[in-house]
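A quick write-up on the structure given underneath.
The values are calculated or read from the model by the stated rules, or taken from the named source; none is laboratory data. Please read all numbers here as calculations on a predicted model, not as lab measurements. Surface areas here come from the heavy atoms of the whole protein model, side chains and all, with no ligands, DNA or RNA. Shrake-Rupley method; radii C 1.70, N 1.55, O 1.52, S 1.80 Å.
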Amino acid sequence: MSTGREGVGIPPRYVFSGAVALLFWWVAYRSLLPLATWLTYRLFGLAEGTRLASSVEFFLYDTPKVMLLLTIVVFAVGVVRSYFTAERARRILAGKREAVGNVMAALLGIVTPFCSCSAVPLFIGFVTAGVPLGVTFSFLISAPMDNEIALVLLFGLFGWKIAAMYLGTGLAVAMIAGWTIGRIGMERHVEPWVYEAIGGAGEGVVDERITLADRVRHGLDAVRDIVGKVWIYIVLGIAVGAGIHGYVPENFLASVMGRGAWWSVPLSVVIGIPMYANAAGIIPIVEALLGKGAALGTVLAFMMSVIALSLPEMIILRKVLRPALIATFAGVVGIGIMIVGYLFNALV
């Protein structure tokens, strides 16, 4: 990595190139709906009002829309993350008091790269650096659930109110669940070998004095890496959403996932746990469910369950946690998600 000092100002070529790229992005984004309509009814010749036409138009509109939103936000956050890494988050949280640490950990989870495959090394790094167990869990819950992809896609599809409500309740679940796990005192249910790994706790310090060009390349690399990995999940998620949008009767989902069905929230949490999807793949399904009459709280509980309580992540965490702690983690987070679902259904 380059060790040259950052320039004081932004070179004009970066400003011009960025402005042109944003202009092309905006024109493309604004053209998506008329293009999807033209393709569906003119090029493919589908009859308006049919289930197939509704599904096809949904798929042709949402696929490029989500990809465009994802590309711009991943690039921007990739640049931001060149200033802020998981290693820095670990150093910030080390030695903090538990209550303050839970709040900071949940907030840091929003801007820190994390996926289920890195759960074990992150957990070991945090614990061996002196971060309390409950604070570590606040981070592990917040990072995948309140990540920037989920927030930007929610904003782009549903508006800032739903995105803000999701962020606020997601942070609350992460903070309270982490604090609760810390209060229970379950350190004895961490595998003993984790505490024996203290010798590696200081590794990974990164030289942060890099140039603006390095940061731009970091953003482009993030786009290639993240979008390259999740695009198939996005397409599959939108395909499922398109099927729901076109073929599932509104009355059916309203009766199963509507606010009048008290059992719909816990059922949605249970259904979401064994599923494996990231925010980019699950949000198109959420959009389709809401469009068919499902209650907002029930759908958000389903989404939170898929992202924060995925079975693959719990299987991976079994390497460092004993079953009693994994069950406690799932139970505490699951109860928090259900409270969020009932609260949204009551207020919205």
Quiz item: Once amide H atoms are placed 1.01 Å from N in the peptide plane, what residues at a sequence separation of 5 or more from Val131, or on another chain, have their amide H within under 5 Å of its amide H?
Solution: Gly95
Quiz item: Per-residue accessible area for Ser54 at 1.4 Å probe radius, Å² rounded to 10?
Solution: 30
Quiz prompt | With DNA, RNA and ligands ignored, accessible area of Leu108 (1.4 Å probe; Å², nearest 10) | solution = 20
Quiz item: Using modelled amide H (1.01 Å from N, peptide plane; none on Pro or chain starts), what sits under 5 Å from the amide H of Leu321, excluding residues fewer than 5 places away?
Solution: Glu191
Practice problem: Taking all protein chains together and a probe of 1.4 Å, list Leu309, Leu39 from the most accessible to the least accessible. | Solution: Leu39, Leu309
Quiz prompt | Length added when fully stretched, Arg224-Trp263, from 0.36 nm per residue minus Cα-Cα | solution = 9.9 nm
Exercise. Keeping all protein chains in position, work out how much accessible area Lys319 exposes to a 1.4 Å probe, and write it in Å² to the nearest 10.
Key: 130
Quiz item: How do Asp225, Asp214, Asp146 stack up against each other in accessible area, from largest to smallest, with a 1.4 angstrom probe?
Solution: Asp225, Asp214, Asp146
Practice problem: Rank these residues by their accessible area, most exposed first, probe 1.4 Å: Ile326, Ile72. | Solution: Ile72, Ile326
Practice problem: Step through the residues of the range 155-172 one at a time and calculate ³J(HN,Hα) from phi using the Karplus curve (6.51 cos²θ - 1.76 cosθ + 1.60, θ = phi - 60°), rounding each to whole Hz and writing x for Gly and Pro. | Solution: 5, x, 8, 10, x, 6, 5, 5, 4, 5, 5, 4, 4, x, 6, x, 5, 4
Quiz prompt | Chain lengthening between Arg318 and Ser17 when straightened (0.36 nm per residue, less Cα-Cα) | solution = 103.7 nm
Quiz item: Tell me, what ³J(HN,Hα) does each residue in the range 294-301 have, in order and in whole Hz, if you take phi through Karplus 6.51 cos²θ - 1.76 cosθ + 1.60 with θ = phi - 60° and put x for Gly and Pro?
Solution: 5, 6, 4, x, 5, 5, 5, 4
Exercise. Decide, for the range 267-347, between rounded, prolate and oblate: order the square roots of the alpha carbon gyration tensor eigenvalues as a ≥ b ≥ c, take rounded if a/c falls under 1.5, and otherwise choose prolate if a/b is larger than b/c, else oblate.
Key: oblate
Exercise. Using θ = phi - 60° and the Karplus relation 6.51 cos²θ - 1.76 cosθ + 1.60, list the HN-Hα couplings for the range 325-330 in order, rounded to whole Hz, with x at every Gly or Pro.
Key: 6, 4, 5, 5, 4, 5
